[in-house]
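Here is the structure we will look at, set down as structure tokens.
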Amino acid sequence: MEFNEVLFSRRSVREYTPQPVDEEAIRHLIEASIYAPNAVNQQPWTFTVVRDQDVLDRISRGAKAHMLANMPASDHSEHFRSLLGDPKFQIFYHAPVLIVISGIRQGPWIVEDCALAAQNLMLAAYAAGLGSCWIGFAQSFLNTAEGKQLLDIPAVSVPVAPIIVGRPKSIAVDVPRKAPDIRWI
Ligand SMILES: Cc1cc2nc3c(=O)[nH]c(=O)nc-3n(C[C@H](O)[C@H](O)[C@H](O)COP(=O)(O)O)c2cc1C
């Protein structure tokens, strides 16, 4: 697929078929991730691939409870509160796989490094005919002791980017962009 098409056409996907994503395809996405720019080429990331739907359900339940208990008041809090309180809402949209990119330790550029790896992964997924979506709802729970235990990662790790991947069930809605605020000096 042509690069500009990947760049401008990728959208977050929130409806998936139950078809699994094979291991080779997952390894290809992770290979694309590790070519991201990263501070001092430390490559300080680890990738956790969760395909067990029971584990995904447990993380979803934990994340919803954690968010509801710790959510600060914001413009979106009422909408989020009713979504997170809905027992039928699974934060991973029943995608067949979740790939969590974590920093292997705290560090000054861990979030930037993992986020850039995540962007590569999402663009590579789109180019491979797959859908993806970053699930921020999972982040704070995955950073708790219980969340890290479910991911089977050491306590010093820092989960940054939970990305669901799967085959899109429908065409993702186009999301308009605001005109960029550009200041020329
Ligand atoms: C840090 C971050 C957290 C996000 N968290 C969620 C989430 O929890 N659930 C969700 O459905 N989408 C989530 N998204 C996806 C955004 O809603 C989406 O990227 C945005 O609306 C722009 O749409 P597009 O990705 O289709 O271009 C997240 C995206 C980012 C970058």
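The values are calculated or read from the model by the stated rules, or taken from the named source; none is laboratory data. Everything quoted here is computed from the prediction, not taken from an experiment. Here Cβ is always computed from backbone atoms with ideal geometry, including for glycine, and neighbour counts include all displayed protein chains. In case anyone asks, the SASA skips ligands and DNA or RNA and just uses the protein heavy atoms, side chains included. Shrake-Rupley method; radii C 1.70, N 1.55, O 1.52, S 1.80 Å.
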Handout entry: Matching entry among Phe3, Phe47 (being of a type in the set (Phe, Trp, Tyr) and either modelled with pLDDT under 95 or over 21 Å from Gly136 (Cα atoms) (or both))
Key = Phe3
Practice task
Go through Ala118, Ala32, Ala125, Ala39 for me and flag whichever is open to solvent by less than 30 Å² (accessible area, probe 1.4 Å), within 22 Å of Asp152 (Cα to Cα) and in contact with a helix residue (DSSP H, G or I) (Cβ under 8 Å, 6 or more places away or on another chain).
Solution key: Ala118
Exercise for the section: Kindly indicate whether Ala63 is assigned to a loop (DSSP other than H, G, I, E, B), aliphatic (A, V, I, L, M) and surrounded by 14 or more Cβ atoms within 10 Å (Cβ to Cβ). Expected result: no
Exercise for the section: Kindly establish whether Leu68 is part of a helix (DSSP H, G or I) and either among the acidic types (Asp, Glu) or surrounded by fewer than 16 Cβ atoms within 10 Å (Cβ to Cβ) (or both). Expected result: yes
Handout entry: Among (1) within 28 Å of Asn120 (Cα to Cα); (2) in a helix (DSSP H, G or I), the one test that Phe47 misses
Key = (2)
Exercise for the section: Return the only residue of Asp86, Asp181 being more than 17 Å from Ala63 (Cα to Cα), free of Cβ contacts under 8 Å to residues at least 12 places away in the same chain and open to solvent by 10 Å² or more (accessible area, probe 1.4 Å). Expected result: Asp181
Practice task
May I ask you to verify whether Pro176 is farther than 22 Å from Leu84 by Cα, more than 13 Å from the ligand (Cβ to nearest atom) and surrounded by fewer than 18 Cβ atoms within 10 Å (Cβ to Cβ)?
Solution key: no
Fill in the blank from the handout: Flagged in the stretch 154-173 as aliphatic (A, V, I, L, M), within 13 Å of the ligand (Cβ to nearest atom) and open to solvent by less than 50 Å² (accessible area, probe 1.4 Å), in numbering order, are Val160, Ala161, Ile163, Ile164, Ala172
Exercise for the section: Consider His79 carefully, then state whether it is of a type outside the set (Gly, Ala, Ser) and without any contact (Cβ under 8 Å) to a residue 60 or more places away in the chain. Expected result: yes
